[in-house]
1. Here is a check on your reading of the model: is Tyr32 part of a helix (DSSP H, G or I), at pLDDT 95 or above and farther than 30 Å from Gly166 by Cα?
2. Residue check: is Val73 of a type in the set (A, V, I, L, M), touching a Gly at 6+ places or on another chain (Cβ under 7 Å) and surrounded by 15 or more Cβ atoms within 10 Å (Cβ to Cβ)?
3. Could you list, in sequence order, the residues of region 168-191 that are basic (Lys, Arg) and open to solvent by less than 70 Å² (accessible area, probe 1.4 Å)?
4. Output the number of the condition that Thr72 fails; it satisfies all remaining conditions of (1) closer than 19 Å to Ala131 by Cβ; (2) under 19 Å from the mean Cα position of the chain (by Cα).
5. Can you tell me which residues in region 124-163 are modelled with pLDDT under 95 and open to solvent by 60 Å² or more (accessible area, probe 1.4 Å)?
6. What do you reckon, is Asn96 closer than 24 Å to Met153 by Cα, in contact with a helix residue (DSSP H, G or I) (Cβ under 6 Å, 6 or more places away or on another chain) and either at pLDDT 95 or above or not in a helix (DSSP H, G or I) (or both)?
7. Identify the residue in region 192-219 that is out of contact with any strand residue (DSSP E or B) (no Cβ under 9 Å at 6 or more places or on another chain) and closer than 13 Å to Leu253 by Cα and, among all such residues, is surrounded by the most Cβ atoms within 10 Å (Cβ to Cβ).
8. Being more than 23 Å from Ala167 (Cβ to Cβ) and of a type in the set (A, V, I, L, M, F, W, C) is the filter here; which residues of region 85-111 pass it?
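The values are calculated or read from the model by the stated rules, or taken from the named source; none is laboratory data. Bear in mind the structure is a predicted one, so any value in this text is a computation, not a measurement. Methodologically, a virtual Cβ is constructed for each residue, glycine included, from the backbone with ideal geometry; neighbour enumeration extends over all protein chains shown. Heads up: the accessible areas ignore ligands, DNA and RNA and are worked out on the full protein's heavy atoms, side chains in. Shrake-Rupley method; radii C 1.70, N 1.55, O 1.52, S 1.80 Å.
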Amino acid sequence: GEPLYPPNWTQVSDGLYNPPSGPEHFWMYDPYMQADFKRAMQEKYGTIEAANEAWGQHYASFEALTVPMPETVKGAMWNDVLTWYRDVKRRFMEENVQSYLKVINKYAGDRVKLMLYVPGADVRDEEWAEAVESGSGSNMIRLMADSRFIIDMAAKYDNCYLQYTGADNITEVRYLRNYMKEKGCEDIPFIGENSGALNMGQNIKRFTQNLMREGMSGIDIAHNVWLHEKDGYSPNKYFDSLKENLGIFSDYLKRGME
């Protein structure tokens, strides 16, 4: 999947903290997260006095500590909150990767690859700095879109491929590919998937050309509206263009594998 905290469009409105419309919310206020935050801060600082000095706060004990709400603290403490919030998800992601790879390696070996999906927009370093300064965070901070870490995991573990789920965003594709080159892992197969926006079907030639230009290793066309009429069978007006350009992309892949 695209490892994110649950986005609001996946939710229902019956009493949940994150309704299916409006801004995204932080997912760090239930009792389990509260308990884990206390544990993590005590592990980092050792004493509440050291934590208070770093944060400019006056907590009586770690037991009295709660996860602060957005815009109630800024600076060092909010940086610790965001780092912990990110790392909780990172641990969950990595545990899942290890679990899947254990099964794959036992039963299939190199015949099966684990596909790690990269979310639509990575949290930039400057975006993080702005969140720390404001004591809040953008939607991507709240969802903790952590694309570079996912790429790092693919490089860390064998049998992993990558797939980017918004590959019609060529700016983000280029950003991710440049990061892979910086890390020396640009040879990991990286497949481009369209976001489902209407302009992709209208500009399939541009989409495939961009993927080839950035050295992507495959293509995944989501949504059959780019192929068929509403009957789910008859070719629509995009069909021939899609067929032609997928043929061009196939030739590009064959040349790369020779």
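1. Numbers: part of a helix (DSSP H, G or I): yes; at pLDDT 95 or above: yes; farther than 30 Å from Gly166 by Cα: yes.
So Tyr32 passes the test.
2. Working: of a type in the set (A, V, I, L, M): yes; touching a Gly at 6+ places or on another chain (Cβ under 7 Å): yes; surrounded by 15 or more Cβ atoms within 10 Å (Cβ to Cβ): yes.
For Val73, the condition - of a type in the set (A, V, I, L, M), touching a Gly at 6+ places or on another chain (Cβ under 7 Å) and surrounded by 15 or more Cβ atoms within 10 Å (Cβ to Cβ) - is met.
3. Initial filter on region 168-191 (basic (Lys, Arg)): 174, 177, 181, 183.
Correct list: Arg177 only.
4. Tallying (1) closer than 19 Å to Ala131 by Cβ; (2) under 19 Å from the mean Cα position of the chain (by Cα), Thr72 fails exactly one: (2).
5. Of everything in region 124-163, those that are modelled with pLDDT under 95 and open to solvent by 60 Å² or more (accessible area, probe 1.4 Å) turn out to be Asn139, Asp158.
6. It is false that Asn96 is closer than 24 Å to Met153 by Cα, in contact with a helix residue (DSSP H, G or I) (Cβ under 6 Å, 6 or more places away or on another chain) and either at pLDDT 95 or above or not in a helix (DSSP H, G or I) (or both).
7. Taking region 192-219 as the starting set, the residues that turn out to be out of contact with any strand residue (DSSP E or B) (no Cβ under 9 Å at 6 or more places or on another chain) are 195-206, 209, 212-213.
Restricting the remaining residues to those that are closer than 13 Å to Leu253 by Cα gives 209, 212-213.
On the way: Gln209: 16, Met212: 18, Arg213: 12.
Going through the qualifying residues, I end up with Met212.
8. Within region 85-111, Val88, Phe92, Leu101, Val103, Ile104, Ala108 qualify.
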